[in-house]
Amino acid sequence: MINKRLLIKNLLAHNDESSFYDKKRQLNLHTKEGKAKFLKHICALSNSNPTNNSYIVVGVEDQDNEIVGTDFFDDSRIQNLVNAFLENPPKIQYENVPFPNLPKDKVIGLVTIKPNSKTATFKKNIHVIPAGAVFVRRGSNSIPTEEKIPFSKMNTETVIGIENNSRNSISHTLEGVLDFMNFRHKDLTTKYHVFKELFVVCWAGNKKKIRDKVFFSRVDIELINEQIKLFYSALDEVTIEYNEKTFAITEYVPLGLNDKTSYYPLERQTLTFFDNGYYKIETEFLFEPPQYNRKMMFHIYNSNLALLQKLNKGMGLTPNEKRDLLNLPSTLMICFLNGFEEAKTKLIEAKTLLKAVENPVVYTNFKETMRILRKVKYDKNSD
């Protein structure tokens, strides 16, 4: 098994950006331009490496390779985005890799592009990239091409060497468990379980009981063998179930209006472990949004728009308005899910305003809400 933290270190130490490796400070998949740039690099790396893995490391400064981290990104449907725009799309995997010196809510993102023998091309327009475009890597650049794509055996040998030097060990696993339980989460309830005598899953959180169901909040869950963060949320509640071969995480979202909050199941992620050292992750989308009276929702929607307008003009907010601002992202999401199509656009446009609010919880709530909306969007197969 490959230790993903070691793999990232070896990529950063061994190579500058190349035909099999790219690095980014962050990904922006909220805009067409951000999606286009991401897809361009996926296309180029796939075409330049038909027989070996290629990688994108997210959360690293371009100039000096400083590991600065990025937000936890659990969008398992990122493959849907690639499939929607690329002909002959490669299989890709996005993993969140924790590093000791980063805050709990920051990770390094690792995108793995699997070998793909067919040429990936854009099958429809996005931003300034036309349908039919083909990209390849030239050094650290992803460039369009109409020529036959060259293949370098050197890439395969180099990547295999880097991956072999990143294999896990008993020492790395033990150090990972001790670090997780004794240092990073000493203030929370922590637990671990060993599956098939090979895999160690650690989790931490605040444990509480609601209507005979045990929930965890402030949850952090890691597959220690590969140093992958499986789940992280400062807000949402989860339930955890496991047996001798499976570990299941069910995520719930607290939603409601007028101080009446209920918990709605969002998604279940199930890890199944096998005797041969292999595991698979399956995701089931469960979300059924709450539905409210149309007349009441119209009033709430307009009240939130008025609050944003007041914020945009720099006007002072009353204590009640400050409280409403905390709930504004989830309230606009409820409006969107109840048929107010422009509510999502209004929320995205408000990003800069919400980020500048003195209370940082407002922007955290915005990011959590956008994460849920991405999952809803990709579950409906719409981009």
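The values are calculated or read from the model by the stated rules, or taken from the named source; none is laboratory data. From a predicted model like this one, the values you see are computed outputs, not experimental measurements. When we count neighbours, we look across all protein chains shown, and the Cβ atoms used for this are built from the backbone with ideal geometry, even at glycine.
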Qualifying residue in region 156-164 (condition: in contact with a helix residue (DSSP H, G or I) (Cβ under 6 Å, 6 or more places away or on another chain) and not hydrophobic (A, V, I, L, M, F, W, C)): no
Restricted to region 35-46, and to residues that are more than 17 Å from the chain's Cα centre (by Cα) and either closer than 9 Å to Pro90 by Cβ or β-branched (Val, Ile, Thr) (or both), which residue is surrounded by the most Cβ atoms within 10 Å (Cβ to Cβ)? Cys43
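Report yes if Glu147 is closer than 28 Å to Thr51 by Cα and part of a loop (DSSP other than H, G, I, E, B), otherwise no.
On the way: closer than 28 Å to Thr51 by Cα: yes; part of a loop (DSSP other than H, G, I, E, B): yes.
Here the answer is yes, as Glu147 does meet what is asked.
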Answer yes or no: is there a residue in region 362-370 that is outside the structural domain of Asp71 (by TED's automatic domain parsing) and either part of a loop (DSSP other than H, G, I, E, B) or farther than 24 Å from Ile78 by Cβ (or both). yes
Where residues in region 195-225 are within 25 Å of the chain's Cα centre (by Cα) and β-branched (Val, Ile, Thr), which of them is modelled with the lowest pLDDT? Val219
Of these, Ser117, Ser54, which one is surrounded by fewer than 17 Cβ atoms within 10 Å (Cβ to Cβ) and either touching a helix residue (DSSP H, G or I) at 6+ places or on another chain (Cβ under 6 Å) or closer than 27 Å to Arg138 by Cα (or both)? Ser117
Result of the Cβ filter at 8 Å on region 345-368, keeping first residues that are surrounded by 15 or more Cβ atoms within 10 Å (Cβ to Cβ) and partners that are among the β-branched types (Val, Ile, Thr), at least 6 apart or interchain, is Leu347/Thr369; Leu354/Val362; Tyr363/Val357
Please work out if Ile56 is within 16 Å of the chain's Cα centre (by Cα) and not polar (S, T, N, Q). yes
Hey, any hits in region 90-113 for a residue that's closer than 30 Å to Leu373 by Cα and among the hydroxyl-bearing types (Ser, Thr, Tyr)? yes
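Only one residue in Glu267, Glu282, Glu288 is surrounded by fewer than 13 Cβ atoms within 10 Å (Cβ to Cβ), touching a residue at least 24 places away in the same chain (Cβ under 8 Å) and within 25 Å of the chain's Cα centre (by Cα). Which one?
Values: Glu267 fails: surrounded by fewer than 13 Cβ atoms within 10 Å (Cβ to Cβ); Glu282 fails: touching a residue at least 24 places away in the same chain (Cβ under 8 Å).
Going through Glu267, Glu282, Glu288 in turn, just one is surrounded by fewer than 13 Cβ atoms within 10 Å (Cβ to Cβ), touching a residue at least 24 places away in the same chain (Cβ under 8 Å) and within 25 Å of the chain's Cα centre (by Cα): Glu288.
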Being crowded, with 21+ Cβ neighbours inside 10 Å and touching a helix residue (DSSP H, G or I) at 6+ places or on another chain (Cβ under 8 Å) is the filter here, so list the residues in region 229-246 that pass it. Ser233, Asp236
Could you list, in sequence order, the residues of region 78-101 that are buried (at least 16 other Cβ atoms within 10 Å of the Cβ) and of a type in the set (D, E, K, R)? Glu87, Glu95
Pick from Thr112, Thr119: which is assigned to a strand (DSSP E or B) and either touching a residue at least 40 places away in the same chain (Cβ under 8 Å) or not assigned by TED's automatic domain parsing to the domain that holds Met370 (or both)? Thr112
Quick one: Asp220 ticks every box in (1) surrounded by 14 or more Cβ atoms within 10 Å (Cβ to Cβ); (2) of a type outside the set (A, V, I, L, M); (3) without any contact (Cβ under 8 Å) to a residue 60 or more places away in the chain; (4) under 20 Å from Val361 (Cβ atoms) except a single one, so which number is it? (3)
Can you find, within region 247-261, the residue that is surrounded by the most Cβ atoms within 10 Å (Cβ to Cβ) among those that are without any contact (Cβ under 8 Å) to a residue 60 or more places away in the chain and over 27 Å from Lys191 (Cα atoms)? Gly256
